[in-house]
């Protein structure tokens, strides 16, 4: 049996049982939890009480799931403004854990967990691993960072609850990661997709063939990526790359996770209620239409979130999935409303550049976008690493490569970039989230 | 008959050439000859070494983009018209000469040039028909050691 044999109908796994609830039962459960959570948030968090009162609402007004659209939104600014503990709904004596964002944009945000919250988080992470076919006996190398970042500990607790063996290696030290992958017979790895690309590169340089290892699954998340990048990873490493979605504000990783159908992450709807809205108007988007993902926690005690605007762009689908899960799915998050760059008035997402580059035969997804402003005009330079695969020994060949990359980006974005070919490994490798855009424009 | 040449992608910036050259020096690999093609932002370093496979592995292991290409070492008479004679043989054959450079070995009134043709196999046939000597690596290295 190959390491990728997937049975059409997975054997019954009690861990995943909640993923298969009949939709009506799931909706009932959501409503019951929503009502309880809104009451708690109203009673214990000033911000939510004030926002609801401003609209003349009180918790009793939430009578159906549709009523959720009448509730006010909240966003990252609210978390920053209430730094550090302003949104806590429980006294510190009940809070067993604090995490914080790395604060790449401004002040960090702090999130809190009661023991019950930790249990929920463990539950959804455990179900995430089970969803991609991992079980007791699997060896999970957890290369998400341990610490204030939620990735490391979230995956750790979930893996242990599953009964798998967890290696808490954390991020960084790529040579050691590869040694452990090989020597410990690791079967699954968790990290950002860009870091795994780096591992693929380094493994090749060290003469380690990832395809010959027992490694069969990657649980990748914490940054936007694309389907082309998934294909690239799967082709070069021989593993299945699964998309996991989450954010600290809601709980951490484990808000949604892909099944073996790899058709977009299923939201663990028994704990998180999803909506997709038009960013500009705040109105709900119909099924399948892209917009901003908004999440409501249904049973978070320490820090409930009502209609949190994630800035992640996706579409929701309730189409049945081949795996039989009744949980709705979101489209892979390949862009965020706030990583959009505007060049000469044109909206461009780094994911579009990535897709365009990977369309060119042999090109690697190692790139960086440098924005400059010359004489009042925006210039986009895309630096692309040249590899042995695409490299030609003739100047004509290199000029052709440059032209093909330029054309592909122009076709995708409508903007003509300057493509600069650079030596392999000149772009700094991230051990966490990749830095794709360097904006040197003086506004 | 064919000879392997290694081509390296290098950015056109200070120090770019030193990195591969130092690596080869450290591994005691001698560069028999080389040529550089340069554009504004990048260049191609082409070189010939005895053990091309080992050199390729070493350079790749150190993160360089390397490609092995077939080139032909052709004997050229060291007198006016020597090169013209060789080029005349491939004229009108549709074979394109991408680039060429000299190999530092001159014996008995004959020198050597390295030719990169778009179709090296076809070129070998054409040249041999014209009685032009295409030298394989064993023969070339033997003459170098003689």
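The values are calculated or read from the model by the stated rules, or taken from the named source; none is laboratory data. Just so you know, these numbers come straight off a predicted model, no measurement behind them. Counting neighbours? That spans all protein chains shown, and the Cβs are built from the backbone with ideal geometry, glycine included.
Here are the numbers for this structure:
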| quantity | calculated |
| --- | --- |
| From the options B:6, B:72, residue that is touching a helix residue (DSSP H, G or I) at 6+ places or on another chain (Cβ under 7 Å), within 11 Å of chain A (Cβ to nearest Cβ) and surrounded by 17 or more Cβ atoms within 10 Å (Cβ to Cβ) | B:6 |
| The one condition in (1) in contact with a helix residue (DSSP H, G or I) (Cβ under 8 Å, 6 or more places away or on another chain); (2) closer than 24 Å to residue A:100 by Cβ; (3) buried (at least 22 other Cβ atoms within 10 Å of the Cβ) that residue A:243 fails to fulfil | (2) |
| Failed item, numbered, when residue A:337 is tested on (1) in contact (Cβ under 8 Å) with a residue 40 or more places away in the chain; (2) surrounded by 18 or more Cβ atoms within 10 Å (Cβ to Cβ); (3) under 20 Å from the mean Cα position of the chain (by Cα); (4) within 29 Å of residue A:259 (Cβ to Cβ) | (2) |
| Some residue of segment B:73-96 being closer than 26 Å to residue B:18 by Cα and within 18 Å of the chain's Cα centre (by Cα) | no |
| Of all residues in segment B:22-46 being part of a helix (DSSP H, G or I) and crowded, with 16+ Cβ neighbours inside 10 Å, the one that is farthest from the other protein chains (Cβ to nearest Cβ) | B:24 |
| Residue A:335 vs. criteria over 23 Å from residue B:41 (Cα atoms) and in contact with a strand residue (DSSP E or B) (Cβ under 6 Å, 6 or more places away or on another chain) | yes |
| Subset of segment A:416-431 (residues that are more than 30 Å from residue B:97 (Cβ to Cβ) and either facing chain B (nearest Cβ under 9 Å) or buried (at least 17 other Cβ atoms within 10 Å of the Cβ) (or both)) | A:417, A:425, A:426, A:427, A:431 |
| Single residue of segment A:390-414 satisfying the filter (under 26 Å from residue A:373 (Cα atoms) and surrounded by fewer than 16 Cβ atoms within 10 Å (Cβ to Cβ)) that is nearest to the other protein chains (Cβ to nearest Cβ) | A:399 |
| Identity of the residue in segment A:171-207, at pLDDT 95 or above and in a loop (DSSP other than H, G, I, E, B), that ends up farthest from residue A:132 (Cα to Cα) | A:184 |
| Residue in segment A:306-323 that is within 20 Å of residue A:411 (Cα to Cα), modelled with pLDDT of 85 or more and crowded, with 21+ Cβ neighbours inside 10 Å present | no |
| Meets criteria (surrounded by fewer than 20 Cβ atoms within 10 Å (Cβ to Cβ) and not assigned by TED's automatic domain parsing to the domain that holds residue A:270) for residue A:360 | yes |
| Qualifying residue in segment B:115-123 (condition: at pLDDT 95 or above, part of a loop (DSSP other than H, G, I, E, B), crowded, with 18+ Cβ neighbours inside 10 Å and more than 14 Å from chain A (Cβ to nearest Cβ)) | no |
| Those residues of segment A:232-249 which are outside any strand (DSSP E or B) and touching a residue at least 60 places away in the same chain (Cβ under 8 Å), in sequence order | A:232, A:248, A:249 |
| Flag for residue A:140 being within 27 Å of residue A:321 (Cα to Cα) and either modelled with pLDDT of 95 or more or not in a loop (DSSP other than H, G, I, E, B) (or both) | yes |
| The lone exception for residue B:96 - which of (1) exposed (fewer than 14 other Cβ atoms within 10 Å of the Cβ); (2) more than 13 Å from chain A (Cβ to nearest Cβ) it fails | (2) |
| Residue among B:86, B:66 that alone is within 14 Å of chain A (Cβ to nearest Cβ) and crowded, with 17+ Cβ neighbours inside 10 Å | B:66 |
| Index of the failed condition, residue B:55 passing every other in (1) surrounded by 18 or more Cβ atoms within 10 Å (Cβ to Cβ); (2) within 13 Å of chain A (Cβ to nearest Cβ); (3) outside any strand (DSSP E or B) | (2) |
| Number of the exception - residue A:363 against (1) part of a loop (DSSP other than H, G, I, E, B); (2) away from every other protein chain (no Cβ under 14 Å); (3) within 16 Å of residue A:417 (Cβ to Cβ) | (2) |
